[in-house]
Amino acid sequence: MASAKENKTAILIAEDEEINRAILREILKDKYRILEAENGHQAVFCIQAEASDIALIILDIHMPKLDGFGVMDYLQESGLNEKIPVIVTTSDKSADVLIQAKKNRAVDIVYKPFRAADIRNIVDNLVEICKLEKNLESIIEEKSVYFTNQYEALKKAKRFNRVKWEDNITALMNKLLPGNEPHRNRIRAGTELLLDGLMERYPKYGLSKSINKAISDATLLHDIGNVIIPDSLFDGRRASAARALMQIKKRPIAGSELIILMFANSNHQLERKYAYEICRYMYEQYDGKGYPLGVSGDEIPICAQVVSLCHKYDEYRFRNDGNIKPHKSVMRKIQEAEYKAYNPDLLEVFEVLSDAFDKAVTEEYNKTNKGEK
């Protein structure tokens with residue numbers, strides 16, 4: 001049986017100064033299996049011996065025998081640079097070092113002296129990002145089994161109380177993403193209102209009271225992709241931000257595939273259908289400039305178009321820092337700055353129902369914040 005130590009993810013620390021290796025080792029040893037090299041040649045030998053196990057290299061630029069850039073050249077020549085990310089460490093803050101590190105495709109750069117919290121955060125995030133890059137499909141399958149079991153347990157616990165589907169989903173999402181319920185409730189309230197407005201003004205979308213109810217219930221699952229690919233991966237200030245953002249943009253695929261697997265045997269197939277469409281398409285734009293598929297216009301299901309607008313509104317108005325923007329300014333921002341991102345029919349309904357929309361989402365906000373705006 002493999003020991004706990006052997007099961008740890010391996011990280012190579014290539015650093016010529018023993019004190020710096022000791023600092024990094026102490027910061028990371030509880031969570032990772034640490035490999036060490038005191039010069040570039042040792043680093044290359046270690047990579048050759050354990051390339052399949054090394055998840056990350058922390059690489060000093062200035063080392064004897066072969067410097068850090070030489071090690072990165074080896075990674076490039078051997079085709080390992082795409083498989084093993086490199087964090088460069090240096091006390092040299094010159095532009096030349098930064099440019100060369102980027103040219104050699106280092107994923108991040110950390111300046112000496114080290115700060116323990118920074119090192120742990122960067123390493124943890126990069127290891128998680130790389131796992132997603134390599135194993136997203138298997139992660140989705142694994143999570144689907146766990147979440148399905150959680151959902152079934154909730155249903156079983158409440159089976160004598162005749163609990164509605166949406167109440168079980170709410171309980172599940174509160175467990176998976178604690179603290180996000182107010183946001184989900186605002187999205188649901190705004191979606192209900194806009195769907196009813198579209199139903200009355202534009203019969204071409206085929207909406208009805210029953211369909212609108214199913215779509216509104218399905219919005220409760222719109223952010224389930226965040227469970228697999230969390231916000232914590234992204235820090236726009238770091239060099240690795242672009243790599244993290246690429247993974248975050250896979251949320252629509254991850255969330256929609258998770259829904260397909262979790263609710264394959266559910267009796268609520270209409271809600272499953274709309275939840276899938278919302279998750280997969282809510283980041284698309286009417287002008288085709290969204291992601292992950294780049295579809296446009298009516299290729300985007302109307303349920304996803306509505307949730308997309310509500311989600312953007314909520315993001316603009318109810319900020320994470322607690323600052324609340326005025327309704328009218330947020331509305332103008334959506335109508336003017338991002339007009340082509342949304343269906344003109346939807347924007348028309350949004351404008352007609354502006355006051356009612358403001359009231360609906362504000363009431364939901366106040367439920368959570370005890371009447372404080």
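The values are calculated or read from the model by the stated rules, or taken from the named source; none is laboratory data. Predicted, not measured: the structure shown is a model, and the values here were computed from it. Positions of Cβ are backbone-derived with ideal geometry, glycine not excepted, and every protein chain shown enters the neighbour counts.
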- Message: Take the conditions assigned to a helix (DSSP H, G or I), touching a Leu at 6+ places or on another chain (Cβ under 7 Å) and not acidic (Asp, Glu) and apply them to Asn125. Does it pass?
- Response: yes
- Find the residue count for the range 94-107, including only residues that are more than 21 Å from Val123 (Cβ to Cβ) and in a loop (DSSP other than H, G, I, E, B). 1
- Task: Filter the range 89-111 down to residues that are charged (D, E, K, R) and in contact with a strand residue (DSSP E or B) (Cβ under 9 Å, 6 or more places away or on another chain) and give me whichever is nearest to Ala244 (Cα to Cα).
- Result: Asp108
- Task: Return yes or no: is Ile140 among the aliphatic types (A, V, I, L, M), surrounded by 17 or more Cβ atoms within 10 Å (Cβ to Cβ) and under 22 Å from Tyr32 (Cβ atoms)?
- Result: no
- Query: Do we find a residue being under 23 Å from Val127 (Cβ atoms), within 27 Å of the chain's Cα centre (by Cα) and at pLDDT below 90 anywhere in the range 27-42?
  - Reply: no
- Message: Quick check on my filter: what residues within the range 246-282 are buried (at least 23 other Cβ atoms within 10 Å of the Cβ) and of a type in the set (Val, Ile, Thr)?
- Response: Ile259, Ile278
- Task: Give the number of residues within the range 88-112 that are without any contact (Cβ under 8 Å) to a residue 12 or more places away in the chain and closer than 19 Å to Tyr74 by Cβ.
- Result: 1
- Looking at Val88, is it crowded, with 17+ Cβ neighbours inside 10 Å, assigned to a helix (DSSP H, G or I) and not assigned by TED's automatic domain parsing to the domain that holds Ala239? no
- Determine, yes or no, whether Val44 is in contact (Cβ under 8 Å) with a residue 40 or more places away in the chain and assigned to a helix (DSSP H, G or I). no
- Message: Suppose we keep only residues that are small (Gly, Ala, Ser) and modelled with pLDDT of 95 or more within the range 232-277. Which one would you say is nearest to Ile215 (Cα to Cα)?
- Response: Ala275
- Report, ordered by the first and then the second residue, all pairs with beta carbons closer than 7 Å, sequence separation of six or more or different chains, a first member in the range 115-131 that is surrounded by fewer than 16 Cβ atoms within 10 Å (Cβ to Cβ), and a second member that is at pLDDT below 90 and not in a helix (DSSP H, G or I). Asp118/Val110
- Kindly indicate which of Val295, Val307, Val361 is in contact with a His (Cβ under 7 Å, 6 or more places away or on another chain), surrounded by 12 or more Cβ atoms within 10 Å (Cβ to Cβ) and closer than 30 Å to Lys250 by Cβ. Val307
